[in-house]
Every structure is written in structure tokens, then in C-alpha cells.
Amino acid sequence: MMEKSFVMMKPDAVARRLMGKILTRFEEKGLQLKAIKLMTISEDLAKEHYGEHSEKPFFNDLVDYIISGPVLAMVIEGDDAISLIRKMVGATNPQEAELGTIRGDYGIQTGRNIIHASDAPESAEREIGLFFNEDEIVDYDMVD
Ligand code: CMP
């Protein structure tokens, strides 16, 4: 089924100049970039995006980290894109992520884990709505 996922390169990916390499992985896989925006997240948006973790002990650190520098927010579409992108991203803890995944190849710490990707259709819809207006999502044909 065609799906859209919300994908966000976190401040460590931007600061370490990994954006191009990571974007290339999604392009080479055949996924379609529908929206992309370099932005610094407000504290309110960070807290809303990570609302499900508000009671966790790492919540404040997580919010501080995600607002510490710009992120690259994206909408990426493809066949079963949500689970496919989660597979490409790898486990939350980069120490446990398989080599060949984005976190497995570029990360070391859970608190600096390079990239976020939606975990289910409902969260994808919610997260896309938080970060993008309808008119920022672009429809166009891609050559197979
Ligand atoms: P993400 O997949 O973006 O969604 C929730 C984030 O919380 C996760 O990536 C990590 O960055 C962070 N996180 C999850 N577990 C921990 C933890 N035990 N310590 C610190 N950060 C965590």
C-alpha cells in the first residue's frame, strides 16, 4: 500500500554533514521525496512531537537535543514506506542497530540517534500534520 512517512534527520545528522548521504539512501531505494524543510524546532513543537514520551525520564534531554540545532524534516512516500523506512533506519539504540542501517552505520548513542521515522500510519499522519502544511507536500511523477 502506498504510504507517506514522516522522517526527520536530527541535529547531530545535520551538524555532522550526513544529510546528503542519508538522503541518497532513500533516493537510491526508490522512495519518493514529497516534502523537505530545514528548520529549527520550537520547544512547543518538540514537546508535542514527542508527547508520548512526556513521562519518560529522558524526556527533557530528548527535547533539549531536538531543539539544539536545525533538523531536516521530510515526507517520504512509497510502497509500505513506513515499515520499509523503519527497517532502513534500524533499532533505536545505534549500538543494537544492524550494520547497513542508518543508525547502525552512523550512530553510537540512543540520545544522538541521527534520524526519526514514523512507526505507524496514525503517527505518520499526526507527525506530517505537525510539521507540514498541505501545500508543502508536492505531487509529481518519478521515473521507475
Ligand atoms: P525516536 O525514534 O526519534 O523517538 C523517541 C526518541 O527518544 C528516540 O528516537 C531516542 O532519541 C529517544 N530515546 C528513546 N529511549 C531513550 C533512552 N533510554 N534514553 C535517551 N533517549 C531515548
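Which condition does Phe58 not pass, out of (1) more than 19 Å from Arg16 (Cα to Cα); (2) without any contact (Cβ under 8 Å) to a residue 40 or more places away in the chain; (3) not acidic (Asp, Glu), if it passes all the others?
Among (1) more than 19 Å from Arg16 (Cα to Cα); (2) without any contact (Cβ under 8 Å) to a residue 40 or more places away in the chain; (3) not acidic (Asp, Glu), Phe58 violates only (2).
What is the one condition in (1) of a type in the set (D, E, K, R); (2) under 20 Å from Leu31 (Cα atoms); (3) surrounded by 11 or more Cβ atoms within 10 Å (Cβ to Cβ); (4) out of contact with any strand residue (DSSP E or B) (no Cβ under 7 Å at 6 or more places or on another chain) that Glu96 does not satisfy?
Going through the list (1) of a type in the set (D, E, K, R); (2) under 20 Å from Leu31 (Cα atoms); (3) surrounded by 11 or more Cβ atoms within 10 Å (Cβ to Cβ); (4) out of contact with any strand residue (DSSP E or B) (no Cβ under 7 Å at 6 or more places or on another chain), Glu96 breaks only (2).
Can you pull out the residues in segment 127-144 that are within 17 Å of Leu62 (Cβ to Cβ) and crowded, with 17+ Cβ neighbours inside 10 Å? Can you show your working first?
First pass over segment 127-144, keeping only residues within 17 Å of Leu62 (Cβ to Cβ): 127, 130-131.
Selection gives Glu127, Phe131.
Values in this text are rule-based calculations from the coordinates and carry no lab data. Note that the coordinates shown come from a computational prediction; the quantities given were computed from them, not determined experimentally. A quick note on method: Cβ atoms are made from the backbone with ideal geometry, for glycine too, and the neighbour counts reach across all protein chains shown.
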